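Below: one structure, written as structure tokens.
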């Protein structure tokens with residue numbers, strides 16, 4: 001698993017994308033990125049992985065509304081381990097719709113960096129109402145840490 005120092009580099013790399021528009025399936029700094037591609041970009045920009053080490057098949061922007069299979073979570077689990085503690089550089093997975101469909105990079109001090117439709121890449125407090133369902137329950141479904149080379 002990655003070190004705490006590498007996690008901090010991942011967190012810092014995610015923040016360099018702040019202000020980038022949300023564009024489904026994109027990964028071009030200053031132009032567009034979605035929440036899942038932001039995770040990959042943070043790994044690449046931090047030097048944790050090489051560019052294009054992780055390849056994702058094209059997907060619809062509404063996949064989570066029509067399917068219950070956890071394909072997004074599957075990609076994360078392929079490269080990350082679920083953990084109980086939260087530290088900078090970890091990936092937080094949230095459920096909107098029928099399955100896990102949103103992710104954020106934990107940057108520390110109770111804040112996450114993520115890409116949101118109509119807002120782009122922003123910083124948000126982990127206790128923000130956007131991470132709660134209609135009944136006030138957390139949408140968080142897991143904390144994942146990149147496992148690194150095996």
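Within region 79-99, the set of residues being buried (at least 20 other Cβ atoms within 10 Å of the Cβ) and more than 11 Å from the chain's Cα centre (by Cα) comprises 80, 88.
Evaluate the following for residue 77: is it part of a strand (DSSP E or B), touching a strand residue (DSSP E or B) at 6+ places or on another chain (Cβ under 8 Å) and at pLDDT 80 or above? No.
Considering (1) modelled with pLDDT under 95; (2) more than 19 Å from residue 17 (Cβ to Cβ); (3) outside any strand (DSSP E or B); (4) touching a strand residue (DSSP E or B) at 6+ places or on another chain (Cβ under 7 Å), the lone condition that residue 86 does not fulfil carries the number (1). If you check residue 36 against the conditions, is it modelled with pLDDT under 95 and either surrounded by fewer than 16 Cβ atoms within 10 Å (Cβ to Cβ) or assigned to a strand (DSSP E or B) (or both)? For residue 36, the condition - modelled with pLDDT under 95 and either surrounded by fewer than 16 Cβ atoms within 10 Å (Cβ to Cβ) or assigned to a strand (DSSP E or B) (or both) - is not met. Scan region 1-33 for residues that are assigned to a loop (DSSP other than H, G, I, E, B) and surrounded by 18 or more Cβ atoms within 10 Å (Cβ to Cβ) and jot them down. Across region 1-33, the qualifying residues are 2, 17, 20, 24. The set of residues from region 98-137 being free of Cβ contacts under 8 Å to residues at least 60 places away in the same chain, within 22 Å of residue 75 (Cα to Cα) and part of a strand (DSSP E or B) comprises 99, 100, 101, 112.
The set of residues in region 1-24 being farther than 12 Å from residue 91 by Cα and in contact with a helix residue (DSSP H, G or I) (Cβ under 7 Å, 6 or more places away or on another chain) consists of 13, 16, 17.
Across region 138-150, what is the number of residues that are touching a residue at least 60 places away in the same chain (Cβ under 8 Å) and in a strand (DSSP E or B)? Count: 6. The set of residues in region 100-113 being closer than 11 Å to residue 15 by Cβ and buried (at least 21 other Cβ atoms within 10 Å of the Cβ) consists of 105, 107, 112, 113. Once region 42-71 is narrowed to residues that are surrounded by 11 or more Cβ atoms within 10 Å (Cβ to Cβ), closer than 21 Å to residue 22 by Cα and out of contact with any helix residue (DSSP H, G or I) (no Cβ under 9 Å at 6 or more places or on another chain), the residue that is modelled with the highest pLDDT is 61.
The values are calculated or read from the model by the stated rules, or taken from the named source; none is laboratory data. Nothing here was measured: the structure is a model prediction, and the numbers come from that model. FYI the Cβ positions are ideal-geometry reconstructions off the backbone, even for glycines, and counts take in every protein chain you see.
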